[in-house]
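Colleague: Structure incoming, see below.
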Amino acid sequence: MTSPSETALRVRNLSKIYRHNNPFKRHREAALQPLDLDVPSHQAFGLIGLNGAGKTTLVKILLGLLTPTTGSVEVLGGSIGSRVIRARVGYLPELPYFPRQMTARELLAYYGYLYGLRGKGLTARVEEILEIVRLQKASGYRIAEYSKGMQQRVGIAQALIGKPELILCDEPVTGLDPVGYREVREIFLELKRTGTTLFFNTHVLSEVEKICDWVGVLHEGVLRRVARVSEVMAEKLEMDYWVELTGVAADRLQGFAHAETAARSGGFQVSGRELSGVLGDLSARGITVSGVRPLSSLVESFFLRTIGRESDLMFTNRREARS
Amino acid sequence: MSRVAAVAWFSFRELVRSKLLVVWLLAVGLLCGVAYLLAYLSYGEPLRIFMDLGLAGLEAAGLVVLLLELAVTYNTDMEQKAVFLQLTKPLTRGEYLLGRVVGFWMVNCLVLLGMTLFIGGFIAFHHGQYPLFWVAAALVMIQMFLLTTLGLAYQMIATSMVGTVLFTFFTSILGHTMSQIRWALERKPDPILRFLLNGTYYLLPNLEVFNLKDRLYDPTLTTAALPWGDIALYAFGYSFAAFLVGWWALEKREFH
């Protein structure tokens, strides 16, 4: 995908097997099957997968919190075990937990200190970060008084405090409301503009579409596919659409393939491949189309097809169409 | 070293603000009050009763504070996973553990110092100077450093908060029975019991080294006569070994 100097993360033959040593139930569970992955520098990579797919395991191995069973990981050209490399990496866990009696300002000062910031430089950086995550006014309150969204923003702040070149995030928008989603997205887009490499796990597929340059699908511990988001966009013919018609006389629909649904629901579902042909047919019949809307996001469609669950997509689409 | 100091200071503030410790400080106040009352009501030797109760209270307070620290931080660090955010920073696991040891001990010393000043001040006010009391209190603090290091080593090894607290508690209890264990070993018990007693005797710390309260009234004992070098060497050597075990366990630990 890229040359070594342009690679922020290089994973080779990485696998992880959990050994459960409960005396009553000893078993091995393969969380990750051997996988190779390159994440280019200065780009955003979104890793998507179902619950239990192995996404968090992968991030923890990348951070050195778990040891791989086989394989190797190279982060920013070195080992994550090195202090120098860790000083260039930020981490945002899913639902970060902080000591509840500390304030956001104290926490950020502490984490900044661990990154080697001192004195006025540390104070200035804490203020800068508090402004970015919009927590200046609440920075003196104890974490116990924060909402879940505010705690998530402290999590983002601690990940940014050391000006990292690479940020690893595990479900960064978990627990956020729609405004919070938007704010986090803006922060990530700004980080991308400044050249920071982003790697994140998420369930929120629409965020991948809006933020990421690359998308990977991890399913049952297997990295099924890695693609550029722009390539996924080009596969939009695979999507399904809802075509909305209003006030159409029944006689005009005679012989039309979707006549029955259109008459009953005022519209019909059509696949991307058929869309242009169907629109042409409607135009030839003199029927005005009042709207065409996609029934899933492109990444969602890509994801479900990659894991072989197109049927779920069709089910969702039918349900949406009915509603 | 500055990162160790940062972790220590952070741990200190985190624990001092914990409501559990506030509750415990109130209990310590109550304990001192009871000691004072018993001494006041006793006939004959109020100094002895107050000093014995005070020193026993110091040890109990130090142990309970340590157990609370271990319980609180096991919950936040391991179960709530707050430790992830620290270990993924440019901080080695050894620095983290050492910072934790120092931070915990600072909190312990804060509580013990408050109690020591109260009890020592009371003794000085009513009965004149009694230097061996201050020495005994200092030895309790040194003992707490050893137990803190060991407790944190257990925390790195154990897979539950209960395990950490119980191991530390029983280590403290057994550590004060080393002369009895040696006595039992001299009686040549059966092989299984001998194996268990030997394991306890050689692996667990001998906390009697730090216990002066049974010897306070020995007329030959003076501050200068205490084997300070041996005591310091034992405390440092055992703590260092416990720290190495904890560090090794933390390096090997998988954070699921």
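Colleague: Roughly how crowded by other chains is peptide B:84-97, in terms of the mean Cβ count from those chains within 10 Å of each of its Cβ atoms?
Modeller: Numbers: counts 8, 13, 3, 5, 16, 16, 12, 7, 3, 2, 0, 2, 1, 0.
Averaged over the peptide's residues, the number is 6.
Colleague: Still on this structure: How many angstrom lie between the Cα centre of region B:4-83 and the Cα centre of region A:125-165?
Modeller: 33
Colleague: What base-10 log of the normalised intensity I(q)/I(0) is obtained for region B:202-256 from the Debye formula, alpha carbons as equal point scatterers, at q = 0.16, 0.20 Å⁻¹?
Modeller: Results for region B:202-256 at q = 0.16, 0.20 Å⁻¹ read -0.64, -0.82.
Colleague: Quick one: order B:D190, A:D281, A:D38, B:D218 by neighbouring beta-carbon count within 10 Å, fewest to most. Mind dumping the intermediate values first?
Modeller: Values: B:D190 7, A:D281 15, A:D38 19, B:D218 11.
Final ranking by Cβ density, sparse to dense: B:D190, B:D218, A:D281, A:D38.
Colleague: Sticking with this structure for a sec: Where does helix A:272-284 land angle-wise versus the long Cα axis of chain A, in degrees 0 to 90, nearest 10?
Modeller: Taking Cα atoms only, the helix is inclined about 40 degrees.
Colleague: Among DSSP bridges having both ends in the protein assembly as shown, what percentage is antiparallel? Round to the nearest 5.
Modeller: Values: 35 of 53 bridges.
If we restrict to bridges inside the protein assembly as shown, about 65 percent are antiparallel.
Colleague: If the elastic network links every pair of Cα atoms under 10 Å, which of A:V73, A:V215, A:V179 fluctuates the most in the Gaussian network model of chain A?
Modeller: Fluctuation is largest for A:V179.
Colleague: Tell me, what is the FRET efficiency for B:S2 and A:S271 to the nearest 0.05, using R0 = 56 angstrom and their Cβ-Cβ distance as r?
Modeller: 0.35
Colleague: Which semi-axes, in whole Å and largest first, does the equivalent ellipsoid of region B:72-208 have when worked out from the alpha carbon gyration tensor as the square roots of 5 times its eigenvalues?
Modeller: Numbers: eigenvalues 178, 158, 24 Å².
That gives 30, 28, 11 Å for the three semi-axes.
Colleague: Per DSSP H run of at least 4 residues, take -39500 (n - 2.57); add these up for chain A, divide by its residues and hand me the 222 nm value, nearest 500 deg cm²/dmol.
Modeller: Taken over chain A, the calculation gives -11000 deg cm²/dmol.
Colleague: Another question, if that's okay. Can you count the Lys pairs in region A:4-229 whose Cα atoms are under 19 Å apart, with each pair 8 or more apart or on different chains? Walk me through the numbers on the way to the answer.
Modeller: Working: A:K16/A:K55; A:K16/A:K60; A:K120/A:K163; A:K137/A:K148; A:K163/A:K192; A:K192/A:K210.
Step by step, the pairs that qualify in region A:4-229 add up to 6.
Colleague: Apply the Karplus parameterisation 6.51 cos²θ - 1.76 cosθ + 1.60, with θ equal to phi minus 60°, to every residue of region B:67-73 and state each ³J(HN,Hα) to the nearest whole Hz, in sequence, with x for glycine and proline.
Modeller: Per residue, the Karplus-derived 3J(HN,Hα) values read 4, 5, 4, 5, 5, 4, 6 Hz.
Colleague: In degrees between 0 and 90, to the nearest 10, how far off the longest principal axis of chain A does helix A:119-132 point, with axes built from Cα atoms?
Modeller: With rounding to tens, the tilt is 20 degrees.
Colleague: Okay, moving on. Bins of 10 Å, beginning at zero and ending with the bin holding the largest distance: percent of Cα pairs per bin for chain B, please.
Modeller: 7, 28, 32, 22, 9, 1, 0
Colleague: Evaluate peptide A:112-125: per residue, the Cβ atoms of other protein chains within 10 Å of its Cβ; return the mean as an integer.
Modeller: Details: counts 2, 9, 13, 4, 4, 0, 1, 0, 0, 0, 0, 0, 0, 0.
Per residue, the number of nearby Cβ atoms from other chains is 2 on average.
Colleague: Can you give me the long-range amide H partners of A:A31? Hydrogens built in the peptide plane at 1.01 Å from N, cutoff under 5 Å, separation of 5 or more residues or another chain.
Modeller: A:K16, A:I17, A:Y18
Colleague: Moving on to the next point. Give the shape of region A:52-156 as rounded, prolate or oblate, defined through the alpha-carbon gyration tensor: a ≥ b ≥ c are the square roots of its eigenvalues, a/c under 1.5 means rounded, and otherwise the shape is prolate if a/b is larger than b/c and oblate if not. Before the final figure, lay out each step's value.
Modeller: Working: a/c = 2.82, a/b = 1.55, b/c = 1.81.
Oblate.
Colleague: Sort all Cα-Cα distances of the protein assembly as shown into consecutive 20 angstrom bins from zero, then give the percent of pairs in each bin up to the one containing the longest distance.
Modeller: 17, 38, 27, 12, 4, 1
Colleague: Still on this structure, I have one more. Say we join alpha carbon atoms closer than 10 Å with springs in a Gaussian network model of chain A; which of A:G46, A:G78, A:G162 then has the biggest fluctuation?
Modeller: Highest fluctuation among the options: A:G78.
Colleague: Over the Cα atoms of region B:59-152, what is the Rg over Rh ratio if Rh follows Kirkwood? Intermediate results must be reported in sequence, preceding the final value.
Modeller: Values: Rg = 16.6 Å, Rh = 14.8 Å.
We get a ratio of 1.12 for region B:59-152.
Colleague: Work out from phi, with θ = phi - 60° and the Karplus expression 6.51 cos²θ - 1.76 cosθ + 1.60, the ³J(HN,Hα) of each residue of region B:147-156, listed in order in whole Hz, and give x for Gly and Pro.
Modeller: 5, 4, 4, 5, x, 5, 4, 4, 4, 6
Colleague: Let me ask something else. Assuming a ≥ b ≥ c are the square roots of the Cα gyration tensor eigenvalues, decide whether region A:239-311 counts as rounded (a/c under 1.5), prolate (otherwise, with a/b larger than b/c) or oblate.
Modeller: On the way: a/c = 2.50, a/b = 2.37, b/c = 1.05.
Here region A:239-311 falls in the prolate category.
Colleague: Continuing with the same structure: Counting only other chains, and only Cβ atoms inside 10 Å, what mean value do you get across the residues of A:78-88? Working shown, then result.
Modeller: Numbers: counts 0, 0, 1, 3, 1, 6, 1, 1, 6, 3, 1.
Mean shielding count: 2.
Colleague: What value in Å³ per residue do you get for the convex hull of the alpha-carbon atoms in chain A?
Modeller: Taking the convex hull of the Cα positions in chain A, it is 182 Å³ per residue.
Colleague: Check A:R224: other-chain or 5+ apart residues with amide H under 5 Å from its amide H, H built from backbone geometry?
Modeller: Excluding prolines and chain starts, which carry no amide H, the hits are A:V217, A:L218, A:H219.
Colleague: Further, regarding this structure: Give me a comma-separated list of calculated 3J(HN,Hα) values for region A:92-105, in order, Karplus coefficients 6.51, -1.76, 1.60 applied at θ = phi - 60°, integers in Hz, x for any Gly or Pro.
Modeller: Coupling constants for region A:92-105: 10, x, 5, 6, x, 10, 10, x, 6, 8, 8, 9, 4, 5 Hz.
Laboratory data are not the source of any read-out in this text; all were calculated from the coordinates shown. All figures in this text were calculated on a predicted structure; none of them were measured in a lab. Every residue, glycine as well, gets a Cβ built from its backbone with ideal geometry; the counts of neighbours run over all protein chains shown.
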